[in-house]
1. Quick one: which of 311-324, 259-272 comes out on top by average Cβ neighbours within 10 Å, and what's the full order, highest first?
2. Tell me which residues come under 5 Å, amide H to amide H, from I64 once H is placed; ignore anything under 5 positions away on its chain.
3. Under the rule a/c < 1.5 gives rounded, and otherwise a/b versus b/c splits prolate from oblate, where does segment 100-160 land using the Cα gyration tensor?
4. What order do you get for 231-243, 128-140, 275-287, 198-210 when each peptide is scored by the mean count of other beta carbon atoms within 10 Å, highest first?
5. For the pair S168 and Q311, what calculated FRET efficiency results from E = 1/(1 + (r/R0)^6), where r is the Cβ-Cβ distance and R0 = 41 Å, to the nearest 0.05?
6. In nanometres, what is the gap between the two model label sites at K2 and H76, each 7 Å from Cα along Cα-to-Cβ?
7. Let me understand segment 2-163 better: what is its radius of gyration from the alpha carbons, and its Dmax, in angstrom?
8. Would you mind checking the pairs K34/K252; K10/K244; K2/K262; K252/K274; K206/K274 and listing those with alpha carbons more than 32 angstrom apart?
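Nothing in this text is a laboratory measurement; each read-out follows from the coordinates by a stated rule. It should be emphasised that the depicted structure is a prediction, and the values quoted were computed from it without experimental measurement. Because the Cβ atoms are built from the backbone with ideal geometry, glycine has one as well, and the counts that use them run over all protein chains shown.
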Amino acid sequence: MKESILNFTKQFSYQPEIQNAEKISVVDGPLSEKYDNFILAGMGGSHLAGGILHAHTPGVNLYIHRDYGIPAYDEHFNKKSLFIASSYSGNTEEVLDFADEAYSKGYDLMIITTGGKLLDFAKENSLAYIQLPGDGIQPRLAIGYSTIALASIVNPVVIPELQQLQNSLKPEEIEKDGLEMSENLFNKIPVIYTSNKNRAIAYNWKIKMNETGKIPAFYNVFPELNHNEMQGYDFIDDNRELSKNFHFIFIKDTDEHPRISKRMDILEQQFQEKGFQVTVLRLNGETRFEKIFKSLMLADWTALGLSQKYQTEPEQVPLIEDFKKRIK
């Protein structure tokens with residue numbers, strides 16, 4: 001696991017190739033000129049790239065589907081969309097179901113995967129596809145590959161900025177901060193809060209705590225949480241025990257709307273007055289992608305540190321794998 005984190009930046013040298021590109025007329029110019037929308041189906045780590053691209057470029061017309069079948073958009077919308085089935089393993093049943101339905105209804109479809117049934121489906125039906133490098137790592141650790149692959153389809157102009165990360169990101173320089181963070185979170189339940197535009201960062205933190213750290217973790221976003229969730233922490237003596245193990249992480253950005261920044265500051269103050277532990281993490285970097293991926297690497301090191309403290313295996317996800325076996 002440690003080696004995977006240290007070698008993570010090498011993923012940004014990846015140059016994806018679209019096989020059967022003529023099926024989606026990619027040879028005629030950028031796909032954004034042909035398609036009004038992109039509909040990405042993925043589960044777990046396989047849809048994380050979509051959230052990251054949204055966090056970088058909120059205006060991109062990318063819709064993320066995390067379910068069986070295809071989303072219930074109208075026929076006109078679907079005909080002007082490119083359906084993208086993404087599964088790192090190639091065997092995710094929800095994504096296979098999405099691909100099968102999109103193909104059977106005649107919608108334009110392409111595949112992103114390392115192999116498995118999804119790659120077989122693409123080859124059997126002569127679909128456009130990108131075959132990701134099969135490094136044998138978990139999908140959450142292959143997010144560099146998947147982000148560049150997805151960007152090459154929906155927003156290729158950002159690829160040079162992504163490629164810069166192989167030089168600007170220094171995983172070894174972030175390790176110490178991550179391990180210190182794991183000290184603060186030991187025997188605590190992380191609750192990660194950030195702005196809506198940085199939702200994908202908070203969500204990535206949560207799943208890294210779940211899958212690598214093997215602990216419960218939760219996230220939410222401003223300003224919505226100010227209208228409901230925060231009230232749940234206004235404890236009294238009879239329910240004080242419910243909240244004692246929470247440790248709040250506020251992810252802040254200098255580019256926030258000023259009212260969002262004020263909301264964060266005020267809630268941080270309120271929580272501290274109630275005796276909660278609050279850690280503030282500030283996004284930093286020369287580019288938007290550098291800010292995003294620096295934070296995600298900090299999350300990786302933090303989750304690995306927690307796994308070491310709890311003496312759990314950090315990379316594998318045995319409960320999830322057992323569930324998959326039972327549901328077959």
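1. Highest-to-lowest ranking by the protection proxy: 259-272, 311-324.
2. L40
3. Oblate, because a/c is 1.5 or more while a/b does not exceed b/c.
4. My ranking of the peptides, most packed first, is 198-210, 128-140, 275-287, 231-243.
5. 0.75
6. Placing both labels 7 Å along Cα→Cβ, they lie 5.9 nm apart.
7. Rg and Dmax of segment 2-163, Cα atoms, are 14.5, 47 Å.
8. Where the Cα-Cα span goes over 32 Å, the pairs concerned are K34/K252; K10/K244; K2/K262.
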